[in-house]
Amino acid sequence: MTALKNDRFLRALLKQPVDVTPVWMMRQAGRYLPEYRASRAKAGDFMSLCMNPQFACEVTMQPLDRYPQLDAAILFSDILTIPDAMGQGLYFETGEGPRFKKVVSTLADIEALPIPDPQKDLGYVMDAVSTIRRELNGRVPLIGFSGSPWTLATYMVEGGSSKDFRKTKAMLYDNPHAMHLLLDKLAQSVTAYLNGQILAGAQAVQIFDTWGGNLSAAAYQEFSLAYMRKIVSGLIREHEGRQVPVILFTKNGGLWLESIADAGADALGLDWTCDIGNARERVGHKVALQGNMDPTVLYAKPEAIRAEVGRILASYGKGSGHVFNLGHGITPEVDPEHAGAFLRAVHELSAQYHD
Ligand code: CP3
């Protein structure tokens with residue numbers, strides 16, 4: 001394997017010294033880029049991009065080619081590949097988000113779910129990872145990812161996106177045994193899937209717990225964090241002679257940072273509702289932090305974006321352990337020029353915080 005030419009993302013996750021604060025954007029390959037929309041039209045639809053390693057590689061590279069400031073690539077795929085591999089039949093209705101042909105409703109449904117084999121059932125993702133690694137040729141590290149068991153369970157039980165998670169919450173409180181069985185199967189599936197990605201060439205992994213923050217404090221511990229902890233303890237942490245850092249991102253998890261920092265990961269992703277300087281005081285001795293600009297700031301003019309980047313860098317302060325990112329994914333309406341202004345500002349304004 002080729003040596004990494006830019007490893008500041010991996011170094012910051014391990015709190016090793018860096019020259020400037022590394023930066024990437026959640027959903028950096030996506031609909032705000034005209035070149036992405038062209039590739040999607042060529043492939044036919046979103047899932048065809050994910051399932052064809054050449055297309056997945058093409059769209060992963062698009063933001064890197066446009067923005068030389070990006071310090072990491074992220075595998076182009078989706079968190080819902082796992083429920084699809086469990087036999088639920090994932091499809092996307094234009095403008096309506098993800099849907100499943102089969103919904104999980106009863107204990108019997110859960111008992112019947114298989115644990116997917118990464119090579120046999122999700123081989124297209126493993127092939128995408130190795131294809132992208134080859135194409136990157138050491139330019140920047142590649143991030144692999146998965147959804148958290150709780151976040152995946154919400155889609156599997158609701159049959160798609162939801163505002164109130166009515167069915168999932170009812171199952172949690174009416175039938176905690178069934179919910180625990182589902183989450184346990186998902187934790188086993190995610191562990192095998194992420195280890196497969198690491199062996200195929202992912203150099204860091206992120207677990208997206210997009211809906212963990214929707215739980216009560218007690219339910220979060222029992223139904224989301226416990227399963228992420230289990231996954232982290234089963235992950236391969238060193239590969240190709242380097243540590244493979246793990247990032248946990250619970251959206252709206254700001255109230256629980258201390259316990260998330262105890263789950264065994266190297267870094268926490270922060271949404272924009274917390275102050276990053278305060279988060280550093282609370283957990284910075286244990287983990288690195290990734291985040292946390294409100295993605296809607298990108299609707300503002302470049303000068304305002306730059307000011308907000310400066311404010312977040314100053315709040316974190318001097319030293320390593322910060323990976324700059326948005327607090328959630330970049331939205332389709334953002335002007336690509338504004339994303340460029342954001343990325344440039346991070347490198348230009350952060351040198352003063354590093355020796
Ligand atoms: O960050 C990246 O660039 C990597 C790619 C990535 C996608 N989805 C591509 C995608 C990642 C990391 C995800 C994760 C994902 N998928 C999450 C967790 C992260 C988060 O955003 O909270 C979730 C909840 C999903 C499920 C999912 N996939 C939803 C709800 C949707 C519809 C969203 C929408 O805006 O319509 C998707 C589709 C999806 N995944 C798109 C992309 C680029 C848009 C599909 C399209 O091209 O039409």
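The table for this structure:
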item: Exposed GluC sites (Glu not before Pro) absent: longest stretch of the chain, with sites in DSSP loops and at most 15 other Cβ within 10 Å deemed exposed; result: 97-239
item: M171 - accessible surface, heavy atoms, 1.4 Å probe, Å² rounded to 10; result: 20
item: D (Stokes-Einstein, µm²/s), Kirkwood Cα radius, the chain, 0.890 mPa s at 25 °C; result: 120
item: Flagged links, alpha-carbon separation over 29 Å, of K230/K251; K15/K120; K42/K230; K167/K251; K185/K251; result: K15/K120; K42/K230
item: Span-rule helices in the chain, defined as complete DSSP H runs reaching 15 Å or more along the axis (Cα) with Kyte mean at least -1.0; result: 53-66, 123-136, 176-200, 302-316, 336-350
item: Surrounding net charge for N292, when Lys and Arg each add one and Asp and Glu each subtract one, Cβ distance under 13 Å; result: -1
item: Å² per residue, accessible surface of the chain at 1.4 Å; result: 39
item: Share antiparallel - DSSP beta bridges, the chain, percent rounded to 5; result: 25
item: Unit Cα scatterers, Debye sum, segment 116-163: log10 I(q)/I(0) for q = 0.13, 0.20, 0.24, 0.31 Å⁻¹; result: -0.48, -0.82, -0.91, -1.07
item: Chymotrypsin sites (Phe, Trp or Tyr not before Pro) within segment 229-284, DSSP loop, no more than 12 other Cβ atoms inside 10 Å; result: none
item: Within-9-Å neighbourhood charge of P114 [Cβ basis; K, R +1; D, E -1]; result: -1
item: Share of carbon and sulfur in the accessible heavy-atom surface of the chain [1.4 Å probe, %]; result: 50
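The values are calculated or read from the model by the stated rules, or taken from the named source; none is laboratory data. Every value quoted in this text rests on a predicted model; they were computed, and no experiment measured them. Backbone-built Cβ (ideal geometry, glycine too); neighbour counts: all protein chains shown. Protein only, heavy atoms only, side chains kept; ligands, DNA and RNA dropped before computing areas. Shrake-Rupley method; radii C 1.70, N 1.55, O 1.52, S 1.80 Å.
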